[in-house]
Amino acid sequence: MAAGSAEVAGTTPVTTVKCLVWDLDNTLWQGTLLEDGEVVLSDEIRRVITTLDERGILQAVASRNDHDHAWERLEQLGVAEYFVHPQIGWGAKSHSVRAISEQLKFALTTIAFIDDQPAERAEVGHHLPEVRCYRAEEALELTGRPEFSPVVTADSRRRREMYQAGFRREAAREDFAGADEEFLRTLELVMTIRRAADEDLARVEELTLRTSQMNATGVHYGDAELRALLTDPGHEVLVVSLRDRFGEHGAVGILLLERFPEVWHLKLLATSCRVVSFGAGAVILRWLTDRAAAAGVHLAADFRRTERNRMMEVAYRFAGFTGDACPCAVAVTGPDRDGIELLHIEPVRQQPPTTMRLDAPDLAVHRPGTGLAAAEVSHG
């Protein structure tokens, strides 16, 4: 199945909606604010709002209204917190929808718009044909539609909060006059690398599907394969999460590692593009290189060039990986490599990161008879 899509029996896959943009008057609420004053939000619409939020679908507003008056009413109704980047004013709805898409960095194909006025839907449909438009009468049906029914993970349940934290983080960066590295230190970043549990697998699988720019191979690992690796003492399935003083970034990376006596084989490294600016990939690779050096083994990493993952290749090369041959490769190269290169490094110990604290398992320490690490270490 394609990334970011839902599939229904007997139909072709449909692209999942990532953001629903609401009109207000006679759509989100009953009545016209400037005429009726006291508009009403039904319990049924309130349930739609909260259900979509729990599924990780962001929601925004595109409304022809006085901004302060409309926002105050949303606050009074107790739903203002659910809406990101509201566009309330007197401009064209298509301009508002495009602005929301650009702010969130979402493709227009993942945006939906709902309005009671046929003319408004037609205007958006004309200028933004990729956007799916819905009649206000369909609002109560949305949660039952496949395009509004994504796979729900722990991170998706708090997606809105993570985006709102991101907006505050971006505002702080704009106000900061110093260098990028100095700003990163002010964020009080903490990276956690831990072994995946069953409840992490949906997010891990999602990362293998949806990351492309920072995915070393583009290989997708499904649920059954990941569960098998979790119970294999020769493999590590590691989840990377990040947080800072503004809030959680959630799970932002995965590593799939196979151990051999002389070499550790990094089968997959994938990180979210959202954390590229924090240098997350470099921190992960330096940590893994340090742990391999402490264990006295070489480190080999799979890499397959795609049209989009040039940034990941740069990260590997910058970390010291090369394509030079090494006898240790005999242990990790199978008969079917499917165009995957094997990069290699003979590790040396690394300094801890200077822009964040790192909490991670000490892979160089083993529990007898298992090949699994026994301790956790903190750096930074």
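The values are calculated or read from the model by the stated rules, or taken from the named source; none is laboratory data. Because the structure is a prediction, the values reported are computed rather than measured. Glycine gets a Cβ as well: all are built from the backbone with ideal geometry, and neighbour counts include every protein chain shown. These accessible areas exclude ligands, DNA and RNA; they are computed on the full protein's heavy atoms, side chains included. Shrake-Rupley method; radii C 1.70, N 1.55, O 1.52, S 1.80 Å.
Looking at the range 172-198, which of the residues that are assigned to a helix (DSSP H, G or I) and touching a helix residue (DSSP H, G or I) at 6+ places or on another chain (Cβ under 7 Å) is most open to solvent (accessible area, probe 1.4 Å)? Selected residue: R173.
Please go through the range 312-326 and give me each residue that is loosely packed, with under 15 Cβ neighbours inside 10 Å and not aromatic (F, W, Y), ordered by number. Once the filter is applied, which keeps residues that are loosely packed, with under 15 Cβ neighbours inside 10 Å and not aromatic (F, W, Y), the range 312-326 yields V314, R317, T322, G323, D324, A325.
Residues in the range 62-80 that are touching a residue at least 12 places away in the same chain (Cβ under 8 Å), closer than 20 Å to F167 by Cβ and open to solvent by 40 Å² or more (accessible area, probe 1.4 Å): 2 in all. So which residues in the range 283-311 are of a type in the set (A, V, I, L, M), within 26 Å of the chain's Cα centre (by Cα) and surrounded by 18 or more Cβ atoms within 10 Å (Cβ to Cβ), if there are any at all? Passing the criteria: V283, I284, L285, L288, A301.
Could you list all residues from the range 327-336 that are surrounded by 12 or more Cβ atoms within 10 Å (Cβ to Cβ) and not in a helix (DSSP H, G or I)? The answer is V332, T333. Scanning the range 114-148 for residues that are part of a loop (DSSP other than H, G, I, E, B), open to solvent by 50 Å² or more (accessible area, probe 1.4 Å) and closer than 22 Å to E44 by Cα yields Q117, R145.
Scanning the range 210-238 for residues that are touching a helix residue (DSSP H, G or I) at 6+ places or on another chain (Cβ under 8 Å) and open to solvent by 10 Å² or more (accessible area, probe 1.4 Å) turns up T211, Q213, M214, V219, H220, Y221, G222, D223, R227, L230, H235. Figure legend. Inter-residue proximity from the range 105-124: first residues of a type outside the set (A, V, I, L, M, F, W, C), second residues assigned to a loop (DSSP other than H, G, I, E, B) and open to solvent by 30 Å² or more (accessible area, probe 1.4 Å), beta-carbon distance below 7 Å, spacing 6+ or different chains. Indicated pairs: T109/E130; T110/G4; T110/K18; D116/N26. With respect to the conditions (1) surrounded by fewer than 17 Cβ atoms within 10 Å (Cβ to Cβ); (2) under 18 Å from the mean Cα position of the chain (by Cα); (3) closer than 30 Å to P327 by Cβ, S277 lacks only one, and its number is (3). Filtered by the rule that a residue be open to solvent by 30 Å² or more (accessible area, probe 1.4 Å), over 27 Å from H69 (Cα atoms) and modelled with pLDDT of 70 or more, the range 1-41 gives V14, T15, K18. Within the range 264-315, the set of residues being closer than 18 Å to L184 by Cα and in a loop (DSSP other than H, G, I, E, B) comprises S272, G279. Taking first residues from the range 231-247 that are part of a loop (DSSP other than H, G, I, E, B) and partners that are among the hydrophobic types (A, V, I, L, M, F, W, C), the Cβ contacts under 7 Å between residues at least 6 apart in sequence or on separate chains come to P233/L372; R245/L187; F246/A165.
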